[in-house]
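Heads up, the thing below is written out as structure tokens.
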Amino acid sequence: MEDSHDHTGVLDAVMERVRSHIGEGRVADYIPELAGVDPDEFGFAMATVDGDLYSVGDHARTRFSMQSITKVFTLALVMHGHSGSDVWKRVHREPSGNAFNSLHQLEFENGVPRNPMINPGALIVTDQLLSDTGDSAGALQDLLCAETGDPGLHADNLVAESETRSGDRNRALAYLMASFGTIRNPVPEVLDHYFRQCSITISCEELARAGLFLARRGRRSDGSELLSPSDARRILAVMLTCGTYDAAGEFAYRVGLPCKSGVGGGILAVVPGVCTVAAWGPGLDEKGNSVTAALALEAFTDVTGCSVF
Ligand code: GLN
């Protein structure tokens, strides 16, 4: 990826791989407000640590629901604060091998979630960020606004309300953890922040820019340190092993990059020291990962050879 010609070739190859698959998969409908998203949309963007931004697809600038991709950013905020080491007493760092909203493992593991990339783990992280800042959703929004350079980035209230109405599974996870004493703030408050966080909308171009601190070894866009290089590396390790739920092994095989997906159909991937890549297509596979975004990332690593392996 030396010059713009190479980038054009990469973007063309991504489009080529994805084109005939656009529309495949199933849009998440367990959150009713997401069910109406057009399944034929697709976007892809790459942001380099040198400040270049490249994109392809008709919808690289269309905003979509971040959903679980927010879990990487809230984890980074908690690790930035003094509670970084404390949070690891409350959530493990192992792949779950189960669905992102599964309950049964949580019960026999005494309310300590397997990792922060699945719902119960992210609820613990949100609880911690709420204790640290008094406003978990606000802290996340501030970070995203600053890193994308768009002060207007915000939660979609309709999606947040829809998640609240249909969120019994997340309520069950949170109350189960509260029964073990692993959630500290009032459950309704933690859930309110969690739902508002998930419902933030962002485009591929914005997401690629927002995640660059992970490619820059923890440095934010203004040069300040969000994470130490070691903590940035650790988050990437958690993304690689847990970021795509019970498909993390498949993603390591096919893509070979730390990734985080969300049921809005977005996936953020990081090439450490080089760039971030964000892909979006609303149709999901049975594990809850976007079909076209996964194909796009696979094409990206095939063509560029950019992989951690
Ligand atoms: N808000 C969604 C939920 O809690 C996030 C899940 C996801 O993106 N995997 O179910």
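The values are calculated or read from the model by the stated rules, or taken from the named source; none is laboratory data. Quantities reported herein were computed from a predicted structural model and do not represent experimental measurements. Glycine gets a Cβ as well: all are built from the backbone with ideal geometry, and neighbour counts include every protein chain shown. Keep in mind that these areas ignore ligands, DNA and RNA; they rest on the heavy atoms of the full protein, side chains included. Shrake-Rupley method; radii C 1.70, N 1.55, O 1.52, S 1.80 Å.
Things to note:
- Shape analysis of the chain yields a ratio of the Cα radius of gyration to the Kirkwood radius, Rg/Rh, of 0.94.
- Counting protein heavy atoms only, region 212-267 has 48 percent of its accessible area on carbon and sulfur, 1.4 angstrom probe.
- Dipole of the chain [Lys/Arg +1, Asp/Glu -1 at C-beta], most positive-end residue of GLY167, ASN115, CYS306: ASN115
- Its Cα centre serving as origin, region 182-233 has a Cβ charge dipole (Lys and Arg +1, Asp and Glu -1) of approximately 240 debye.
- Prolate/oblate/rounded call for region 48-112, Cα gyration tensor, a/c under 1.5 rounded: oblate
- Selection from ALA155, PRO95, ILE124, by position along the positive dipole direction of region 72-170 (Cβ): PRO95
- Computed over region 235-290, relative contact order equals 28 percent, with contacts defined as Cα pairs under 8 Å that lie 6+ residues apart.
- Just checking the listed ones, ALA237, ALA47, ALA60: in the Gaussian network model of the chain with Cα springs under 10 Å, the one fluctuating most is ALA237.
- Peptide ranges 210-216, 133-139 listed from the most packed, as the mean C-beta count within 10 angstrom indicates: 210-216, 133-139
- Computed over region 141-263, relative contact order equals 20 percent, with contacts defined as Cα pairs under 8 Å that lie 6+ residues apart.
- Other residues with beta-carbon under 10 Å from the beta-carbon of VAL112 carry, at +1 per Lys or Arg and -1 per Asp or Glu, a net charge of +2.
- Fluctuation leader among CYS259, CYS145, CYS242 - the chain, Gaussian network, Cα springs under 10 angstrom: CYS145
- For region 229-302, Kirkwood radius (reciprocal of mean inverse C-alpha pair distance, Å): 12.0
- Dipole of region 104-244 [Lys/Arg +1, Asp/Glu -1 at C-beta], most positive-end residue of GLY218, LEU240, PHE195: LEU240
- About its Cα centre, region 141-196 has a charge dipole of approximately 360 debye under the convention of +1 per Lys or Arg Cβ and -1 per Asp or Glu Cβ, with nothing else charged.
- Theoretical gain in end-to-end length, SER230 to PHE108 [0.36 nm per residue, Cα-Cα removed]: 40.8 nm
- Size of electric dipole in the chain: Cβ of Lys, Arg +1 and of Asp, Glu -1, about Cα centre, debye, nearest 20: 920
- Partners for LYS287 among aspartates and glutamates (Cα-Cα distance below 13 Å; same-chain residues under 8 apart left out): ASP246, GLU250
- For GLY273, the shell of other residues with beta-carbons less than 9 Å away shows a net charge of +2, using +1 for Lys and Arg and -1 for Asp and Glu.
- The residues of the chain expose, per residue, 39 Å² of accessible area to a 1.4 Å probe.
- Burial ranking of peptide ranges 33-44, 287-298, 89-100 (average Cβ count within 10 Å, highest at the top): 287-298, 33-44, 89-100
- ASP40 paired with PHE180, simple spin-label distance in nm, labels 7 Å along Cα-to-beta-carbon: 4.6
- Amide hydrogen neighbours beyond the local backbone of CYS275, cut-off 5 Å, H modeled: VAL49
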